[in-house]
Structures are given as C-alpha cells and as structure tokens.
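J.: Below is one structure. I have some questions about it.
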Amino acid sequence: MQSIIVGWQVYQITRDPLSLGLIGLAEAIPNIASALFAGNAADKYNRKSIIIWFMLLFLCGTLALFIFTLPAFGILGKVGVYPIYFVVAFSGVARAYLYPAIIAMMAQLVPRYLYTNSSTWNSMVWHIGAITGPAIGGLVYGFFGVRAAYLSVIIFLCIAFFLLIFVKNRPTPAIQKGETLVQRLSGGLKFVFKNQILLGAMSLDMFGVLFGGAVAMLPVFAAEVLKVGPEGLGFLRAAPMAGAVIMGAFLAHRPPMVKAGRYLIFSVAGFGLSIILFALSKNYFLSFGLLMISGMFDNISVIIRATTMQLVTPDAMRGRVASVNSIFIGSSNEIGSFESGLAAKLMGLIPSVIFGGLMTLLVVGITAKLSPKLRSLNLRTVR
C-alpha cells in the first residue's frame, strides 16, 4: 500500500518519471549499506525481537508520511518531496533488518523436508497481501485522499504487529567463538560466492529484474498511456501479484523440484518477454493481463531461489546469507526503479521498457551459458 501511495503522491507533485526512480534509489542505498550488519544481527541476536523493533521503526516512518500530508504543517508545500525521500531511506534501513530476521526465523518454524512447500505457500500468502495492498491503497487514495491512504497503512501495520506477538520465539543459533566482526560480516558473501547455484540464481534474478522492471514506471503508464487514475494504477500494481498467487497455487501442488534449474531460466526469460509486450500495449485490460503473466513467471524464480537458499544454508548463517540475497533483491528492485526512471528520462517511456526487457533476455542467455550447475539444478538432490 505504501509504495503505491508514495509513487502516486510523488508523481502528482513532480510530474517527472525520474522522481519515481529516485524513490527506489532513496530506499536502495541505505538498505544495501545496512544489509550485512542486519544479517549479522539476525544470526547473533534474538530474531523475533529484531522483527518487533524494526517493525516499530517502519511504523514510525509511515506516521511521518501521514504527518507530511497534514495542512497544519504544510511541509511538502514548503520543501517539496525531499522529506518523502528521507522517510523512504529511513524505511529502507528498517526493511534491511526485517528481511534476514524474518527469513532466518521462518526456516526455524518449518521442518526441512517441507521447505519447498513452505516457500511456495509463503510466497503465495505474501503475494495475496501484495495484491490487496496496491488495490486498497489506490482505491483509498482515489476516493478518500492521501491522508486516508496513509492512515490505512498505519492501521494494517498495527494489526500485523499485534499478530506477530503470538508467534512463538525460537532460540538464537550458537555463535562461533573467535570470529571478528569483519569475518562475520563477510561470511555470508563468501558462502554465496563459493556456491555456483546460489550465485547464479541470485544473479539471474537481480539482473533480470534490474533491467526488466516496469513497475516503477506504472504511474506514468497509468496517467499518460492507459489514461487511468490512482484506482486503475492500484489494480495495475496488483496484477503481477495476482499472477504470482495463481502460479503459487499451482506450484503448491506441483512444486518445481526435478528440473528446477531449467524452470528458473525459462521463467526469467518469460518475464522479460511479457515486459516487452506490456510496453507495446495501449489497452488497459491487455496491459493488466501481461502484468499478471509477468508475475506468474517471476514467482517461479522466487520459489526456486527461496527453496535453494533454505536447503543449502546452515542455520547459523541464515541471517547473513539472507542479507546477501537482500542486497541482490535491493539492487534489482530499488536500483532497478532508478534505472527505469533514468532510462525513461533519456530514451522515452516505451523504448526504455522495451530495452529493459531485451536486456533481461540477454542476461538469461549469458547466465544459462556460464552456469552449468544452475541449468542442471535438481532440488530433490540438494543437501
């Protein structure tokens, strides 16, 4: 909800596609800078406590965004969108600490033999939230205004915080004695870069989404190409998530185990192709359908990557490996948003998205060529 609200609000104020890319950059830089420290914290301190404290920090950021919209303060009218970027950066740090703690704790809640199923169901449930979030955010923004939209985010965050309290705590893994801070911070990086399958899967996702992400430009497509308002934008933003839920329901019954590497490569290629077709579409319903298809392909890669990471990572390193994965994700999503905004500014909206889709297909070809272990990945044999 918050991402769709911030994107539409910033674009309404600036009318500049580059400003949307700067939202992603504002979150990515502090997120990536904090990631290794966050991973170390998740392997050293109580994971549930980390989740609680940084959810509270994220909630404080949302409260600040709400305060910015109050006429009594008039903050945005005086200084423009810079305070929004500051809060987005603040939220990026909170998210950096939340992600590895959540991933590491989840692996402690589920038996190893159920990792594939748990990754599938977790992805599907997350995407249900990601579907309803943009849709609700866009509808509330369109019908009731920006203040009501941010207030809705605050209410849902409070509900999530309340439910989290009932999750049972899990013990913190034993810390290896004699390790320096530098050794602990670099441990996750070394583990990932020594594992060709993990490195290949993360790189494929990072570069594929980095170049193929059209989501950051959806406010521009909605306003200037498809001629819809924030309500239509909310549904467009939710479309990839809807596709991901449909694919998740299918994969829950037929998980991609034996030929996981091939499925991963073909899914990222399908994602890139669907983004190219989306850029060429001028029809709202066709664009919605193509975004759904992109979400279907993307969720295949998400599930395979998450399952692989859980299977090959020892419990004492889950937070640090997850933090490395968050760097790849942050690079692909947030920096990808900046790349999309900059490319749209330089090349024009539609040519930039087509170019990004073509680059995604090129990355798939290169990765498939250079990572034979990834091509032959079989999750049933991973230990």
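Bear in mind that the values in this text are calculations on the coordinates, not laboratory data. The shown structure was predicted, so the numbers you read here are calculated from the model rather than taken from an experiment. Because the Cβ atoms are built from the backbone with ideal geometry, glycine has one as well, and the counts that use them run over all protein chains shown.
J.: Per-residue counts of other Cβ atoms within 10 Å, averaged by peptide: what ranking do you get for 16-24, 168-176, highest first?
T.: Working: 16-24: 21.7, 168-176: 12.4.
My ranking of the peptides, most packed first, is 16-24, 168-176.
J.: Could you tell me the calculated FRET efficiency between Gln12 and Val110, based on Cβ-Cβ distance and R0 = 41 angstrom, to the nearest 0.05?
T.: Working: r = 43 Å, r/R0 = 1.04.
Step by step, r from the Cβ atoms, then E = 0.45.
J.: Cut-off under 29 Å on the C-alpha distance; same-chain residues fewer than 8 positions from Lys48 excluded. Which lysines are left, in chain and number order?
T.: Counting by Cα, and skipping residues close in sequence, Lys48 has these lysines nearby: Lys168, Lys177, Lys190.
J.: Residues in the stretch 36-50 near a label at Ala174, defined as backbone nitrogen under 16 Å from the 7 Å Cα→Cβ point?
T.: From the stretch 36-50, the list is 44.
J.: Sticking with this structure for a sec: Taking Rh as the Kirkwood radius, which is the inverse of the mean 1/r over Cα pairs, what is the Rg/Rh value for the stretch 1-93? If you can, show how the numbers build up before the last one.
T.: Values: Rg = 14.9 Å, Rh = 14.4 Å.
Using Cα coordinates only, the ratio equals 1.04.
J.: Okay, next question. Only helical DSSP H runs with n ≥ 4 go in: add -39500 (n - 2.57) per run for the chain, normalise by residue count and round the 222 nm mean residue ellipticity to 500 deg cm²/dmol.
T.: Numbers: 16 runs with 301 residues, N = 383.
Here the helix-only value at 222 nm equals -27000 deg cm²/dmol.
J.: Would you please put 228-237, 120-129 in order of how densely packed they are, using the mean number of other Cβ atoms within 10 angstrom per residue and starting with the highest? Can you show the working numbers first?
T.: On the way: 228-237: 22.1, 120-129: 18.4.
In decreasing order of mean packing, 228-237, 120-129 become 228-237, 120-129.
J.: Let me ask something else. Quick check: from the Cα gyration tensor, does the stretch 109-167 come out rounded (a/c under 1.5), prolate or oblate? Could you put the intermediate results ahead of the total?
T.: Working: a/c = 6.84, a/b = 2.01, b/c = 3.41.
Oblate, since a/c reaches 1.5 and b/c is not below a/b.
J.: Follow-up. Taking the Cα centre of each part, how many Å lie between the stretch 41-61 and the stretch 76-93?
T.: What the calculation gives is 22 Å, centre to centre.
J.: Related question: When the expected Rg is taken as 2.2 N^0.38 Å, what fraction or multiple of it is the alpha-carbon Rg of the chain?
T.: Numbers: Rg = 20.1 Å, N = 383, 2.2 N^0.38 = 21.1 Å.
Against the empirical 2.2 N^0.38 Å value, I get 0.95 for the chain.
J.: Tell me, what does the Kirkwood hydrodynamic radius of the stretch 67-164 come to in angstroms if you use every pair of distinct C-alpha atoms?
T.: Details: mean 1/r = 0.0614 Å⁻¹.
Radius from the Kirkwood sum: 16.3 Å.
J.: May I pose another question? Could you give the DSSP H helices of the chain that reach 15 angstrom or more along their long axis (alpha carbon positions) and whose average Kyte-Doolittle hydropathy is no lower than 1.6?
T.: Values: long enough: 2-14 (18 Å, 0.56); 17-44 (41 Å, 0.86); 47-68 (32 Å, 1.96); 82-109 (40 Å, 1.30); 115-144 (42 Å, 0.47); 146-164 (27 Å, 2.46); 181-194 (20 Å, 0.57); 196-212 (23 Å, 1.54); 230-253 (36 Å, 1.01); 260-280 (31 Å, 1.81); 284-312 (42 Å, 1.26); 318-330 (17 Å, 0.55); 336-347 (16 Å, 0.51); 349-370 (32 Å, 1.94).
Within the chain the helices that satisfy the rule are 47-68, 146-164, 260-280, 349-370.
J.: Express the C-alpha Rg of the stretch 287-332 as a ratio against the empirical globular expectation 2.2 N^0.38 Å, rounded to two decimals.
T.: Details: Rg = 13.5 Å, N = 46, 2.2 N^0.38 = 9.4 Å.
Working it through for the stretch 287-332, the quotient is 1.44.
J.: Given the options Leu20, Ala160, Ala38, identify the residue whose Cα lies farthest towards the positive end of the charge dipole of the chain (+1 on Cβ of Lys, Arg; -1 on Cβ of Asp, Glu).
T.: Comparing the listed Cα positions along the dipole, Ala38 ranks first.
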